[in-house]
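Worksheet: one structure, shown below.
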Amino acid sequence: MRGFTIVELVITMLIAIILVTLALPSFRELMIRNNVTETTNRLVHDLSLARSEAVRRGVQVELVNTGGGASWASGWAVKADSDPIPANVNSFPTVVINAAGAPADYSVCAKASGATTPAGDQNVIFNSTGALNHATKVDINIMRPDGDQAQSQYISVSISGVVTSGKIGTSTPVAPTSC
């Protein structure tokens, strides 16, 4: 006799179903972590791009929230000022890059400390030396859909323009966890 009996096939299928059922929660968690990391990396890249463009062009460059308000989840853009005189910064007409936001149900919230403009939480402006121009510090949190702060990430931009990122912890920058 050759081949498999129906009992052997059913047992094999049951074992396969059990293994898949055990693996699905881990796969979902992996996807959530990857989305948080990917959104953080894109935002860090675009902040670094804005800073380097400000130095390269010798003008102010901003990373601006395209959705308005403190929530950056719908996307952002890097825009360069066409006027090298800092006092004339009213519009940033040259779009360097537009970026899609975070996946649905993720939140990206910003908080500018020492902001000199009313829209301080809606943009990050670098001057021609690469330093922040409108605030003393900007903190951005990238939050998971389940709100687990221990697995969420932050980005911090210092007054000198240095961009750092990491996991949210007890001593990390203070930005809203929901916006």
- Give the residue that is modelled with the highest pLDDT, with candidates limited to residues of the stretch 71-105 that are in contact with a Lys or Arg (Cβ under 7 Å, 6 or more places away or on another chain) and surrounded by 14 or more Cβ atoms within 10 Å (Cβ to Cβ). Ala80
- Item | Some residue of the stretch 130-139 being under 18 Å from Cys179 (Cα atoms), of a type outside the set (Val, Ile, Thr) and either without any contact (Cβ under 8 Å) to a residue 24 or more places away in the chain or outside any loop (DSSP other than H, G, I, E, B) (or both) | yes
- Quick check: anything in the stretch 158-169 surrounded by 13 or more Cβ atoms within 10 Å (Cβ to Cβ), at negative phi, more than 14 Å from the chain's Cα centre (by Cα) and at pLDDT below 85? no
- Can you pull out the residues in the stretch 1-36 that are of a type in the set (S, T, N, Q), in a helix (DSSP H, G or I) and at pLDDT 80 or above? Thr12, Thr21, Asn34, Asn35
- Item | Hits in the stretch 65-82 (condition: small (Gly, Ala, Ser), in a loop (DSSP other than H, G, I, E, B), in contact with a strand residue (DSSP E or B) (Cβ under 7 Å, 6 or more places away or on another chain) and under 15 Å from Tyr106 (Cα atoms)) | Gly67, Ala70, Ala73
- Item | Qualifying positions in the stretch 98-129 - in contact (Cβ under 8 Å) with a residue 40 or more places away in the chain, under 15 Å from the mean Cα position of the chain (by Cα) and assigned to a strand (DSSP E or B) | Ala99, Ser107, Val108, Cys109, Ala110, Lys111, Asn123, Val124
- Message: For the stretch 140-150: of the residues being in a loop (DSSP other than H, G, I, E, B) and modelled with pLDDT under 85, which is nearest to Ser71 (Cα to Cα)?
- Response: Gly147
- Residue check: is Ser52 among the small types (Gly, Ala, Ser) and either part of a strand (DSSP E or B) or farther than 23 Å from Asn133 by Cα (or both)? no
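The values are calculated or read from the model by the stated rules, or taken from the named source; none is laboratory data. In this text the structure is predicted, and so the values were computed from the model without any measurement. Heads up, the Cβs are rebuilt from the backbone with ideal geometry, glycines too, and the neighbour counts pull from every protein chain shown.
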